[in-house]
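I have placed the structure first, in the form of structure tokens, so that the comments after it can refer back to it.
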Amino acid sequence: MKQQVPFSHALIPFTLVLIVILSMNSAVGAPNQPPTACFTVTPPSGTVSTVFNVDAGCSTDDKTQVAKLKVRWDWENDGTWDTALTTTETAAHSYPIEGAKTIKLQVQDQLGLTGVTTRTVIVQPTTSESDRPSKPGRICTRGFMVRHHRSLSRLLLDGRGADVGPERG
């Protein structure tokens, strides 16, 4: 004759499995969060001949080790990623055109969640040989020739960059 098991005893294996699953979930902690994207750029400004170095080593994630985070760069912040995802945290880039340039970083954790951040660098005009002073006591700044004349309190400006004679007065 078959022995009947009370209904409450039949649920014990299911209850134990459920308790184990819930315990495992609480040991793991909160659900995975997106990584925090962070990077430094050096130098913060330069010219078209400057190589800007970026380092995403300050990026973090709650579940993925920093060494296993993947990064990629969008040098112009135009929506097109210029590099592939990689675990290499550093990169270098230069700009052929002057102006403010926004660099975007995307960081991806091992479960595919992403975080992004941006930084802006300034690419300044390159100083050419013709902009440099030809004689001691002169400097050229933004198209104005400045010459010191005997008195430290007097500076003479000529918007054409022409040689300026002593102030008469």
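Laboratory data are not the source of any read-out in this text; all were calculated from the coordinates shown. As the structure is a computational prediction, the values presented were derived from the model and not from experiment. Cβ sites come from the backbone with ideal geometry, for glycine too, and all protein chains shown count toward neighbours.
For region 76-122, the square roots a ≥ b ≥ c of the C-alpha gyration tensor eigenvalues yield an a/c of 1.5 or more together with a/b exceeding b/c, which makes the shape prolate. Put a dot 7 Å past the Cα of Val66, heading toward its Cβ, do the same for Val51, and the two dots end up 2.4 nm apart.
Across region 40-124, the mean sequence separation of Cα contacts (distance under 8 Å, 6 or more residues apart), normalised by length, yields a relative contact order of 35 percent.
Here is the tail figure for region 42-97: Cα pairs spaced more than 15 Å apart come to 55 percent of all pairs. Going by Cα centres, region 69-85 and region 31-55 are how many Å apart? One Cα centre to the other: 11 Å.
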